[in-house]
Each structure stands twice: as structure tokens, then as C-alpha cells.
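S.K.: Encoded as C-alpha cells, here's the structure I'll be asking about.
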Amino acid sequence: MGVLRTQVGIIGAGPSGLLLSHLLHLHGIESVLLEARSREHVERRVRAGLIEQRTVDLLRDVGLAGRLDSEGLTHEGFELRFGGRRHRIDCTALTGQTATLYGQQEIVKDMIAARVAAGGALHFGVTDVTVADLDGDRPVLRGTLDGTPTTIACDFIAGCDGYHGVARRSIPSGRLTAYGHHYPLGWLGVLVEAPPATRELIYSVHERGFALHSMRSPRISRLYLQVDRDENLANWPDERIWKELRDRLATDDAQPLNEGPILERGITAMRGFIVEPMRYGRLFLVGDAAHIVPPSAAKGLNLAVADARLLADAFAAWYGRGDGDPLAAYSPAALQANWRGLEFSHRMTHLLHRFPDATPFTSRLQRSRLDQLVRSTTAATAFAEEYLGIARR
Ligand code: APR
Ligand code: PHB
């Protein structure tokens with residue numbers, strides 16, 4: 001039986017937990033992080049990879065952007081395809097900011113490397129993680145570390161353990177209000193060993209459903225197809241995937257797609273979810289543990305990073321013994337930003353997808369919104385500001 005003591009106990013080595021432990025370390029605050037999966041597993045998980053400039057700026061400020069700066073792809077705009085035509089939205093001309101394409105698992109690798117180099121307490125493969133005494137002054141984190149049942153006495157616990165984690169579920173019923181929505185949509189994502197057929201992202205609205213051409217590097221493409229919410233991967237042999245991508249991304253003057261071996265594939269059912277507040281006693285929820293956005297705008301990582309930043313600053317103020325209760329501000333500030341991120345992701349989902357209950361009437365409304373976006377600089381500027389995550393609060 002092991003007994004440890006730390007200031008902040010962190011559950012989960014996704015972007016939220018890793019960044020929080022790194023930021024706390026920079027503030028001189030100790031943490032112990034427990035992750036259920038192996039290091040190899042978390043470093044290989046492929047997720048959305050569009051990084052807002054404010055996220056890049058934060059990672060740069062805290063010394064985590066070395067590889068991102070050399071390998072990330074800077075994007076100034078994107079292409080919208082609908083009605084068989086191509087339209088460019090020049091986000092940088094409209095807002096002065098850019099976005100960066102860089103794999104989320106690469107950010108995770110960079111964060112783990114930084115924590116390991118700093119001698120941080122990171123434990124992988126931890127089983128049976130539980131939390132207790134959340135409403136007292138000394139909450140407790142427990143888990144089995146390398147076969148040894150261990151108790152960690154903490155000042156605070158941060159639940160950075162994603163939607164399926166243990167933290168949110170440990171909060172007594174009735175203390176949180178959950179808001180959730182299931183979209184009747186799924187995304188089939190493929191990572192492909194082939195050069196992208198485009199320099200910028202292509203969002204394509206098609207009568208058989210949405211398609212997205214993204215990328216990870218000059219040699220690796222990332223492509224998505226809208227599919228049914230409960231679709232089975234077994235129904236999508238490679239030839240069907242490529243045919244759908246070719247058809248849905250086609251325009252008369254478009255570059256043909258570059259095909260190649262599919263390195264990774266998966267289907268994600270789309271949903272939106274938020275709990276309020278993002279705190280119970282001395283337990284704080286961060287990132288996907290508290291909120292999920294549909295992936296249309298790739299906001300998940302950016303929102304998680306913003307949460308971790310807010311919470312790290314609040315802990316720093318608390319340990320610095322400033323005035324008032326800096327921790328009280330965390331949940332309201334994070335929720336405000338997360339509702340903005342969710343509302344925009346919801347709107348972008350409706351703008352781009354073909355919903356199963358679409359009628360000629362709703363399809364024409366959707367087309368009218370798309371037309372407005374490519375015709376009105378005011379509409380495009382407002383969209384680009386939200387797409388790039390500028391002024392979310
Ligand atoms: N004990 C320990 N670790 C756990 C437990 C548990 N009971 N349950 C889950 N975890 C771990 C998961 O294995 C995972 O590594 O918590 C981590 C949560 O990481 P993420 O799911 O990546 O969540 P977060 O860090 O908030 O990052 C949000 O990830 O889902 C994407 O698109 C989303 O970009 C967003 C980002
Ligand atoms: C991605 O590359 O994973 C990606 C990019 C942009 C999006 C969504 C996902 O809007």
C-alpha cells in the first residue's frame with residue numbers, strides 16, 4: 001500500500017491533464033497524474049488537428065511549440081464547395097489570424113516529453129482510479145500503480161479524464177446539470193499515406209452528405225465523410241470510401257484526390273454535451289470530462305487547452321494567496337467559453353451536413369446561409385472569428 005501527497009492530483013493524460021500538469025509545474029505547483037492507458041496508446045490516438053492561433057500562442061509561451069513550429073502547417077483560409085463550385089474564405093485577410101494543422105497526438109507526445117524531461121510524476125497503466133472526500137479540505141485520489149494500491153492525499157483534484165472518465169461520475173447525483181444532444185450524424189475519418197490534393201482545407205457540402213479534405217503533413221492526408229450515426233466500418237471497404245470522397249469533393253476544376261494506403265480509420269457519432277458547474281467541492285472538471293462538441297469545427301482540443309489554462313491560473317492565484325477566491329471564477333469563465341465553442345460547432349454542423357430529416361425547404365435555407373457566407377464580408381468575418389476561436393468569451 002503506497003501513500004503519496006501532492007498539491008493537485010490529475011486524472012487523465014490527454015491534452016487537458018498533460019497541459020495542466022505542465023502549467024502547474026511552471027507555476028511551482030506539484031502534481032501527480034494518473035492515466036489508465038499506456039503511454040504508447042495515448043501517443044497514437046488520432047483526433048482532430050486544427051489548432052487555433054491562441055492555442056498555438058499559449059503552447060509557444062509555455063515552451064511546448066518547438067516541433068509544432070517546425071512541422072505544423074499554417075493555414076490562412078479554407079475552401080467551401082457547394083453547388084459544384086469552389087469558394088475561398090480568406091480567414092487571415094478577414095481577421096489577421098491563422099490556424100495550424102498539427103496532429104493532436106503529436107501535441108500529446110510533445111507534452112509527455114516535456115513532463116518526463118522535467119521529472120514530472122506521470123503514471124501510465126493505472127487501474128482502479130477512484131476519488132473520495134471531494135467536499136472536504138483533503139480530497140483523496142486512489143489507484144493501483146505498477147501493481148501497488150496507492151492513496152494520494154491532495155489539495156485539489158482535476159478530472160481531465162474525458163467523457164468516459166471516473167471524475168464526473170463520482171459527483172453526487174443532483175449536483176450537476178447535464179445538457180446533451182445526439183446528432184443523427186457520424187463522421188468516418190481516414191488517415192492516408194498520400195500527399196494532400198490541396199494546400200488548404202476543403203469543406204464540401206454534397207447531396208449525399210458532407211466531406212472534408214484535411215491533412216497532417218505534406219505526405220499525410222486526413223479525410224472525413226459524413227455517414228449514418230450508427231454506421232458500421234465493415235460497410236465501408238476502401239473502394240467505397242474513395243468513391244464517396246471523389247464524388248463528394250468533385251467540382252469541374254478541382255484537383256483529383258491523391259489516393260494511398262489507409263493508415264487508420266474510425267467512425268465517430270456526433271454529439272454535444274456540457275455539464276454545469278465544472279466543479280464539485282475540490283474536484284474540477286477539465287476538457288472532455290465536462291464537455292463534448294461535434295467535430296465539425298475541430299474545437300475539442302482548443303476548448304480543453306483553454307480550460308487547462310484557466311484552471312492553472314486559478315490554482316496559481318489560490319496558492320499565491322491573493323484576494324478573494326480565485327477558484328470560484330473557474331467554472332463560470334470556462335462555461336461561457338465552452339458554450340460559445342459548442343454553439344458555433346452546432347451551427348457549423350448544420351451549415352455543412354445533410355440531415356436525414358432534410359426537406360427541400362430546409363435544404364434551400366442551408367443553401368441561402370452558404371451563399372451569404374461567400375457573398376457577405378460581414379458574415380464571413382463573423383464566421384472566421386469564431387472558426388479561429390477569436391474572442392470566445
Ligand atoms: N482513470 C485514469 N485515466 C482515465 C480514466 C480513468 N478512470 N478514464 C479515462 N482516462 C484517461 C483516458 O485514457 C484519456 O487518456 O483520460 C484521458 C482523457 O483524455 P482525452 O479524452 O484526450 O480528453 P482531454 O484531455 O480533455 O482532451 C480533449 O481530446 O477527445 C479529444 O477532441 C477532443 O480534442 C479534444 C481533446
Ligand atoms: C482535422 O484535420 O482533423 C480537422 C480539420 C478541420 C475540421 C475538423 C477536423 O473542421
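S.K.: With contacts defined as alpha carbon pairs under 8 Å and 6 or more residues apart, what's the relative contact order of the chain in percent?
M.R.: RCO, the chain: 20 percent.
S.K.: Right, next: Mind checking which of 137, 90, 313 has the largest fluctuation in a GNM of the chain, springs on alpha carbons under 10 Å?
M.R.: So, out of 137, 90, 313, the one fluctuating most is 137.
S.K.: Taking H as built 1.01 Å from N, whose amide H comes closer than 5 Å to the amide H of residue 258, not counting residues under 5 places away?
M.R.: 197
S.K.: Hey, how much of the P(r) for region 170-296 falls beyond 26 Å, as a percent of Cα pairs?
M.R.: So the portion of pairs separated by more than 26 Å is 36 percent.
S.K.: What residues qualify as long-range amide H neighbours of residue 227, i.e. H under 5 Å apart, gap of 5 or more or another chain, H built at 1.01 Å from N?
M.R.: 186, 187, 188
S.K.: In what order, largest first, do 244, 193, 264 sit by accessible area if the probe radius is 1.4 Å?
M.R.: 193, 264, 244
S.K.: Follow-up. Please state the shape class of region 329-393: rounded when a/c is under 1.5, otherwise prolate if a/b exceeds b/c and oblate if not, all from the C-alpha gyration tensor. Don't skip to the end; give the middle numbers.
M.R.: Values: a/c = 4.10, a/b = 1.64, b/c = 2.50.
Note, shape of region 329-393 comes out oblate.
S.K.: Which residues' amide hydrogens lie under 5 Å from the amide hydrogen of residue 5, considering only partners 5 or more residues apart or on another chain, with H built in the peptide plane?
M.R.: For residue 5, whose amide H was placed from the backbone, the distant partners under 5 Å are 153.
S.K.: Also: Among 182, 164, what's the order by accessible area (1.4 angstrom probe), most exposed first?
M.R.: Result of the area sort, largest leading: 164, 182.
S.K.: So how much slack lies between residue 255 and residue 74, counting 0.36 nm per residue of separation and subtracting their Cα-Cα distance, in nm? Let's see the in-between values first.
M.R.: On the way: separation 181, 0.36 × 181 = 65.16 nm, distance 2.07 nm.
The residue 255-residue 74 span can extend by a further 63.1 nm.
S.K.: In addition: Per residue, how large is the accessible surface of region 215-275? Use a 1.4 angstrom probe and give square angstrom.
M.R.: Here the per-residue accessible area is 52 Å².
S.K.: Can you give me the % of accessible surface on region 1-134 that is carbon or sulfur? Probe 1.4 Å, all protein chains present, nothing else counted.
M.R.: The value for region 1-134 is 47 percent carbon and sulfur by accessible area.
S.K.: Among 148, 349, 98, which one moves the most in a GNM of the chain with springs linking Cα atoms closer than 10 Å?
M.R.: Residue with maximal mean-square fluctuation among 148, 349, 98: 148.
S.K.: Which length gain, in nm to one decimal place, applies between residue 363 and residue 247 when the Cα-Cα distance is subtracted from 0.36 nm times their residue separation?
M.R.: 39.8 nm
S.K.: When only C-alpha pairs under 8 Å and at least 6 residues apart count, what is the relative contact order of region 301-393, in percent?
M.R.: Details: 40 pairs, mean separation 24.6, N = 93.
With pairs under 8 Å counted, the relative contact order is 27 percent.
S.K.: Could you work out how much longer the chain between residue 140 and residue 321 gets when fully extended? Use 0.36 nm per residue separation minus the Cα distance between them, nm to one decimal.
M.R.: Gain on extension, residue 140 to residue 321, equals 62.9 nm.
S.K.: Next question, about the same structure. From the Cα gyration tensor of region 4-59, with a ≥ b ≥ c the square roots of its eigenvalues, which class applies: rounded if a/c is under 1.5, or else prolate if a/b is larger than b/c, or else oblate?
M.R.: oblate
S.K.: At 0.890 mPa s and 25 °C, plugging the Kirkwood radius over alpha-carbon pairs of the chain into Stokes-Einstein gives what diffusion coefficient in µm²/s?
M.R.: Numbers: Rh = 21.9 Å.
Roughly 112 µm²/s, to the nearest whole number.
S.K.: Quick check on region 43-131: take the gyration tensor over C-alpha atoms, sort the square-rooted eigenvalues as a ≥ b ≥ c, and tell me if it's rounded (a/c under 1.5), prolate or oblate.
M.R.: In terms of gyration-tensor shape, prolate.
S.K.: Provide the per residue accessible area, probe 1.4 Å, for region 57-168, rounded to a whole number of square angstrom.
M.R.: It amounts to 41 Å² per residue over region 57-168.
S.K.: Right, next: Just 316, 13, 178 to compare: in a GNM of the chain, with alpha carbon springs under 10 Å, which one fluctuates most?
M.R.: Sorting by GNM fluctuation, first place goes to 178.
S.K.: Report the charge-dipole magnitude of the chain in Debye, nearest 20, computed about the Cα centre from +1 at each Lys and Arg Cβ and -1 at each Asp and Glu Cβ. Intermediate results must be reported in sequence, preceding the final value.
M.R.: Working: 46 positive and 46 negative charges, 112 e Å.
The dipole magnitude comes to about 540 debye.
S.K.: To continue, here is another question. For 52, 30, what's the largest-to-smallest order of accessible area, 1.4 Å probe?
M.R.: Values: 52 5, 30 105 Å².
Final ranking, largest accessible area leading: 30, 52.
S.K.: Quote the FRET efficiency, to the nearest 0.05, computed for residue 88 versus residue 117 with a Förster distance R0 of 45 Å and r equal to the Cβ-Cβ distance.
M.R.: Here the calculated transfer efficiency is 0.60.
S.K.: I would also like to ask the following. So what J values fall out for region 358-373 if you push phi through Karplus, 6.51 cos²θ - 1.76 cosθ + 1.60 with θ = phi - 60°, rounded to Hz, Gly and Pro as x?
M.R.: Per-residue couplings from phi come out as 4, 10, x, 5, 5, 5, 5, 5, 4, 5, 5, 5, 5, 4, 4, 4 Hz.
The values are calculated or read from the model by the stated rules, or taken from the named source; none is laboratory data. Remember, predicted model here, so these are calculated numbers, not experimental data. Cβ coordinates were reconstructed from backbone atoms using ideal geometry, including for glycine residues, and neighbour counts include every protein chain displayed. SASA here: full protein model, heavy atoms, side chains in, ligands and nucleic acids out. Shrake-Rupley method; radii C 1.70, N 1.55, O 1.52, S 1.80 Å.
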